[in-house]
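Asker: The structure that follows is given in the form of structure tokens.
A short reminder: the numbers here are calculations on the coordinates, not readings from a lab. In this text the structure is predicted, and so the values were computed from the model without any measurement. When we count neighbours, we look across all protein chains shown, and the Cβ atoms used for this are built from the backbone with ideal geometry, even at glycine.
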Amino acid sequence: MGGQVVTVLRKPRYLLTAIVVAVSVFTLAVWLPNFSLLGQVLHPDSAGSVSEKASFLWSLYGSIGTNFTVVSATYTIIIAVLFGVNISLLAYYISRMRGGVRGVGSTSAAGIGGLVSGIFGIGCAACGTFILTSVLALFGATGFLAILPLGGEEFGLIGVGLLVYSIYLLAKKINDPLVCEIN
């Protein structure tokens, strides 16, 4: 598995894809709990220069160390990196297959499932899992998080597991020959 991942990421196109996707996912994870604040600061009528607004956006990356628990900060970073690698492997596999993409459905589902599960686990030390708490509140089930041993951080850990599984499946498919099996 590791050999295929390294081989793909040695190609600049796929390494750049992995980095851009990882940074985008990490940015989403860090900025999401501050979404309403972002709207207020970035609103065209708000005070402040473009450089002050850019400085504010940059400063939000520091919230990974202050607003997140050690566990949630760790799996947030891991999910971002794994999702970037997953997308790069998927792009490589699709370009390698050119036109005849077969058997990618379950692999893609595991990768998307890992990202979604990881997003449900995103949260800060003060408010807990941000999205999951909001979703459960719609159904009056926020007490559900209290019975979980890690308070909802399990979803982030499940996300890491699903992304690792998706990367494993993609690496295995990349290694498979490009011919049909004979029964």
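Asker: For residue 36, put the label point 7 Å out on the Cα→Cβ axis and report which residues of region 49-65 keep their amide N under 18 Å from it.
Answerer: none
Asker: Ok, one more. Counting Lys +1, Arg +1, Asp -1, Glu -1, what net charge surrounds residue 18 among other residues with beta carbon under 15 Å of its beta carbon?
Answerer: With Lys, Arg at +1 and Asp, Glu at -1, the net is +3.
Asker: Each residue of region 22-30 in order: what ³J(HN,Hα) in whole Hz does its phi give by Karplus 6.51 cos²θ - 1.76 cosθ + 1.60, θ = phi - 60°, with x for Gly and Pro?
Answerer: 4, 5, 5, 5, 5, 4, 4, 5, 7
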